[in-house]
Amino acid sequence: MRELVPQPPAIVRNDAAAVQFLFQNVVPSYGRFDIVLSHGAGSQLFDVTGKRYLDFGGGIAVTSLGHAHPAITEALVEQSSKLIHCSNFYYHEPQGKLAEGLVREIAPGKIFFGNSGAEANEGLFKLARKFGHDEGRFEIITTLNSFHGRTLAGISATGQDKVKKGFEPMVPGFRHVPFNDLDAMRAAISPATVAIMIEGIQGEGGVTPATAEYLLGLRALCDEKKLLLFMDSVQCGHFRSGRFQSFQRILENAPGAEKFIPDGVSMAKSLGGGFPIGAFWVRAQHADLLGAGTHGTTYGGSPLACAVALKILEVIKREKLEENARVTGEFLKTSLQQLAQKFPGIIQNVRGLGLMIGIELAADIPALPGDPTKSVAVRFTNMLHSSGMLAIPAGTQIIRFLPALNLTRADAGEGLQIFESIVKKIA
Ligand SMILES: Cc1ncc(COP(=O)(O)O)c(C=O)c1O
């Protein structure tokens, strides 16, 4: 199969300006960096000038097997020569097998397939509304600094004002409380509350893991008040933390952890490795709440998307990439923490689990070059780019590493060297 897909040329024409010019036809809703990408292989990316970048951003936690992985190419070619799409009026093997594989990783329940993280959350919001409907309960409590997607319900659920601004009024029924604060959550529950949604590790909010006590406390609170507990695992899920779900990793060795089963889990990003797919898992006892005709999406769980996601799941399991995420992630985090000790004026904090790492920079770094109207995180990211490394800024001061789950030790080491060289330059 592989010969059907020739490798892209090592260097392509330098048509950066021409490509950027074409973007005058694209809605300018994204702030873009000045990089025009051409192709990649593993954790290497190349721009149209032939410049090489080490990819520690993974397309924001998406390219779980890196770029141009032959298993993904093969799954795409093989499945597309059989059946790319059929309506959800019909059954097909890839959707069934993928659902089976995902359920096996969490707990007894069922899967709904969509196309993105926002859509996965949207499905959980509808599930909650259905659950509380006959009692008039509809309110979902989320946390400050959370991120749950860019649809209207997604920005309403997100605990950050910047995503809501200009799009008011919000969808009713969402409120936010501080993260990792069980008392605040308890105090916020009203007779209309039906569900709680949190990220196991807040991603856009700056890579902040939930504590084990918080997770267990939320489960007990939800049981007490008859609420659904939803985990938004779009960014922190799919083995990134070193376990399938970040809550499984956080609760390792926590007394009482076996009692923690959420009611819903949303997924996307690494699930499809770059092919658009999202999904939510719903716990067995609520799995038939959304009956025939209540929810759907044309492309959800297409044969092609599911064949790719299934192949990715197979490769992750076969190659034990969750272990790689854990070990390589620990190597990166420990090395960065040592760097932070040497340069406390530049790095304030390093946190995260597995291959989801947040590096909090100092609020003011006088020697940091670049446009002073831009955030420290963006200016530092620009320096990384110049030195041949991609990473993802979060908030104003945080740099995120969200690389492929098969990041090699050699690539991890090289990334660290690049990062360190920049820290030394601005120290
Ligand atoms: C935690 C979380 N939830 C939801 C989303 C939205 O996912 P998508 O962009 O696929 O709609 C994101 C995207 O960054 C996310 O990080």
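Things worth noting here:
- Within the range 227-245, the presence of at least one residue that is touching a Pro at 6+ places or on another chain (Cβ under 7 Å), within 15 Å of the ligand (Cβ to nearest atom) and of a type outside the set (A, V, I, L, M) is confirmed.
- Exactly one residue out of T193, T208 is modelled with pLDDT of 95 or more and closer than 26 Å to P393 by Cα: that is T208.
- Residue in the range 280-300 that is within 13 Å of the ligand (Cβ to nearest atom), under 13 Å from the mean Cα position of the chain (by Cα) and surrounded by 24 or more Cβ atoms within 10 Å (Cβ to Cβ) present: no
- Any helices (runs of 4 or more DSSP H) falling wholly within the range 312-427 and containing at least 2 residues that are closer than 24 Å to Q160 by Cβ and modelled with pLDDT of 95 or more: 376-386
- Residue ID - nearest to the ligand (Cβ to nearest atom), chosen from residues in the range 155-164 that are part of a helix (DSSP H, G or I) and surrounded by fewer than 21 Cβ atoms within 10 Å (Cβ to Cβ): V163
- Inclusion of M383 among residues that are touching a Gly at 6+ places or on another chain (Cβ under 7 Å) and in contact (Cβ under 8 Å) with a residue 12 or more places away in the chain is not warranted.
- Any hit, the range 133-147, residues being within 16 Å of the chain's Cα centre (by Cα), outside any helix (DSSP H, G or I) and not small (G, A, S): yes
- Every residue from the range 194-214 that is open to solvent by less than 10 Å² (accessible area, probe 1.4 Å), more than 16 Å from the ligand (Cβ to nearest atom) and hydrophobic (A, V, I, L, M, F, W, C): V194
- Residue that is open to solvent by less than 10 Å² (accessible area, probe 1.4 Å) and not basic (K, R), where the choices are A325, A307, A340, A363: A325
- In the range 246-269, residue nearest to E74 (Cα to Cα) [restricted to those that are open to solvent by less than 30 Å² (accessible area, probe 1.4 Å) and within 11 Å of the ligand (Cβ to nearest atom)]: A268
- Candidate set from the range 38-59 (those that are in a loop (DSSP other than H, G, I, E, B) and among the hydroxyl-bearing types (S, T, Y)); member that is nearest to S386 (Cα to Cα): T49
- The residues of the range 165-188 that are open to solvent by less than 90 Å² (accessible area, probe 1.4 Å), of a type in the set (A, V, I, L, M, F, W, C) and within 16 Å of the ligand (Cβ to nearest atom), listed by number, are V171, F174, F179.
- Against the numbered list (1) more than 17 Å from the chain's Cα centre (by Cα); (2) within 16 Å of the ligand (Cβ to nearest atom), P191 comes up short only at (2).
The values are calculated or read from the model by the stated rules, or taken from the named source; none is laboratory data. The structure presented is a predicted model; accordingly, all values stated were derived computationally and were not measured. Ideal geometry is used to build each Cβ from the backbone, glycine not excepted, and the neighbour counts take in all protein chains shown. Heavy atoms of the whole protein, side chains included, go into the accessibility calculation; ligands, DNA and RNA do not. Shrake-Rupley method; radii C 1.70, N 1.55, O 1.52, S 1.80 Å.
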